[in-house]
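K.L.:
Have a look at this one before I ask anything.
Every read-out reported here was derived from the displayed coordinates using simple, explicitly stated rules and does not represent laboratory data. From a predicted model like this one, the values you see are computed outputs, not experimental measurements. Cβ placement follows ideal geometry from the backbone for every residue including glycine, while neighbour counts extend to all protein chains displayed.
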Amino acid sequence: MREEDLDFHKRTEYTRQRLFFTPRTAQRGPMPPIYKEYNVEKIKLPKDFEPKGLLLEEAIQKRRSIRDYSGEPISLEELSRLLYHAGGITATEQAYSMKEFPLKAAPSAGALNPIEIYPVISLVEGIEMGLYHYNPKEHALEILKQSDFRKKIAEVCLDQEFLAEANVVFVLSAVYARTKWKYGQRAYRYVHLDAGHVAENLQLEAVSLGLATCAVGAFLDDEINKFLELDGEDEFVVLNVAVGKPMKQL
Ligand SMILES: Cc1cc2nc3c(=O)[nH]c(=O)nc-3n(C[C@H](O)[C@H](O)[C@H](O)COP(=O)(O)O)c2cc1C
């Protein structure tokens, strides 16, 4: 490893002499808000669906990164299933002095769930093109900006043109304070690991529904954060997942 990478790794290591999370250091100050909510118009997503799709092992076997999409729309129910199984609230438990602390579909360090999901929608039945934010508490989409962002999302991801053809690009951001509050310097590692879990859930759910998918980690940080109106420090984009209708059956 190069020195500067090693430096970060060493500075964030746990050793027997140094833990960032101890009963003494843990939970510095009041807990940051566990939800981000925009005060905008919302679209309720259907949730009364029965489990369906491939067996988990079939989905794992079939998953490949696919970058060609047919241009047919996906349904609102498919979008809803993708969001619920990636970042939805699947249970609650008593924790952090809350009676009903939310637990989500993907595992998260300390259950603090720093990952927010911003779907950039291009081709979903009944939904206008635009940038949205997923509200897991209400299982709803918050409407941020309605416009054709197909070119924009490809541009901020280093001109990866296939993103302009995807039905939805799910942009995953990290709200750093949620994890930092408990894990201090170790948090920078954890938010990326958390994003990986959300992304893999999203991809396996997509495959399970017969949809094509690809993770995208190459993006211009400043430009994508600006597009989402994030400051790039307290909240920043960590990964994207494109989902589209495949050209041929998976
Ligand atoms: C963190 C991460 C970042 C990635 N970034 C990109 C990307 O920017 N563009 C792209 O086309 N594929 C990207 N990929 C997909 C990989 O290229 C792909 O997973 C890899 O080639 C293995 O192929 P498979 O997914 O079909 O198994 C990324 C995957 C991961 C996990």
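K.L.:
Regarding the stretch 80-96, can at least one residue be identified that is within 16 Å of the ligand (Cβ to nearest atom), under 29 Å from Arg178 (Cβ atoms) and small (Gly, Ala, Ser)?
P.N.:
Among the residues of the stretch 80-96, at least one is within 16 Å of the ligand (Cβ to nearest atom), under 29 Å from Arg178 (Cβ atoms) and small (Gly, Ala, Ser), which makes the answer yes.
K.L.:
Within the stretch 147-250, which helices (runs of 4 or more DSSP H) (wholly inside it) include 2 or more residues that are more than 16 Å from the ligand (Cβ to nearest atom)?
P.N.:
Helices (runs of 4 or more DSSP H) meeting the threshold: 150-156, 176-183, 221-228.
K.L.:
Among what's in the stretch 79-104 and is hydrophobic (A, V, I, L, M, F, W, C) and surrounded by fewer than 21 Cβ atoms within 10 Å (Cβ to Cβ), pick the residue that is farthest from Leu54 (Cα to Cα).
P.N.:
Across the stretch 79-104, the extreme among qualifying residues is Met98.
K.L.:
Give the stretch 202-226 a look and list any residue that's within 17 Å of Glu161 (Cα to Cα), crowded, with 20+ Cβ neighbours inside 10 Å and not β-branched (Val, Ile, Thr), or say none.
P.N.:
Once the filter is applied, which keeps residues that are within 17 Å of Glu161 (Cα to Cα), crowded, with 20+ Cβ neighbours inside 10 Å and not β-branched (Val, Ile, Thr), the stretch 202-226 yields Ala212, Cys214, Phe219.
K.L.:
Output the residues belonging to the stretch 51-79 that are closer than 23 Å to Ile127 by Cα and either within 11 Å of the ligand (Cβ to nearest atom) or in a helix (DSSP H, G or I) (or both).
P.N.:
Within the stretch 51-79, Arg67, Leu76, Glu77, Glu78, Leu79 qualify.
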